[in-house]
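Following: one structure in structure tokens, then a few remarks.
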Amino acid sequence: MDTIAYRSGDETNMEIVFSSKYITEKLAAQPDEQVEYELLGVLWHELTHGYQLFPKERSYSEPDVHAFIEGMADLIRIQAGYHKTRSPKPSDSWVGGYTNTGFFLAWLAESYPDFAYRFNQTAVEIEDWSFENAIKSVTGESLDELWSRYQSELTAEKLQ
């Protein structure tokens, strides 16, 4: 398959599938330690999906839901120490999901206690869920203000 990995199942039975194509083609030139590191990172990401909550009456294909689901999984991967082959980069939008959103959420988690848990809980606690409403609920600040501050810090770090 062309996908790196995916999680399927439900609350009682979870299945995680890895792509042998990814391992044999994309990681072929990497030393064993790097392959192991990447696979553990993918496992952290996919396991997170198994325990994530999903916003009510929303679809994964919606940009803010996608950013929530994939960004949260990368946040946990970053916090576990298995995302060091990537780094945050200035961007116009937090909507990217995966690494882009994950590093933003990791930045927020440094300032807000229990951020990952509380952000995940917004999926079932906020009736009219949106990424913006979820961020505001956990931080008390607007998404735009936080994103702007984060981008300023990334730009300043890049200039140093």
> Cβ under 11 Å from MET14's Cβ, MET14 left aside: what net charge do those residues give with Lys, Arg +1 and Asp, Glu -1?
Replying inline: -3
> So, counting K/R as plus one and D/E as minus one, what does the shell of residues with Cβ under 12 Å around SER111 add up to?
Replying inline: -3
> Of the listed peptides 124-132, 68-76, 105-113, what is their order by residue-averaged count of other C-beta atoms within 10 Å, with the highest listed first?
Replying inline: 68-76, 105-113, 124-132
> What shape does the stretch 32-159 have by the C-alpha gyration tensor, where a ≥ b ≥ c are the square roots of the eigenvalues, rounded means a/c under 1.5, and otherwise prolate means a/b greater than b/c and oblate the rest?
Replying inline: oblate
>> Along the charge dipole of the stretch 32-159, pointing to its positive end and built from +1/-1 on Cβ of Lys, Arg, Asp and Glu, which listed residue (THR99, ILE76, THR155) has its Cα farthest out?
In response: THR155
> Which net charge results when you count Lys and Arg as +1 and Asp and Glu as -1 among the other residues whose beta-carbon is under 14 Å from that of THR101?
Replying inline: -3
> What is the distance in Å between the Cα centres of the stretch 11-67 and the stretch 123-142?
Replying inline: 25
> Helix-derived [θ] at 222 nm for the chain: sum -39500 (n - 2.57) over DSSP H runs of at least 4, divide by residue count, nearest 500?
Replying inline: -17500 deg cm²/dmol
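Throughout, read-outs are computed from the coordinates displayed, never taken from laboratory work. Note that the structure is a prediction, hence the values are computed from the model and not measured. Here the Cβ is made from the backbone with ideal geometry for all residues, glycine too, and neighbour counts use every protein chain on show.
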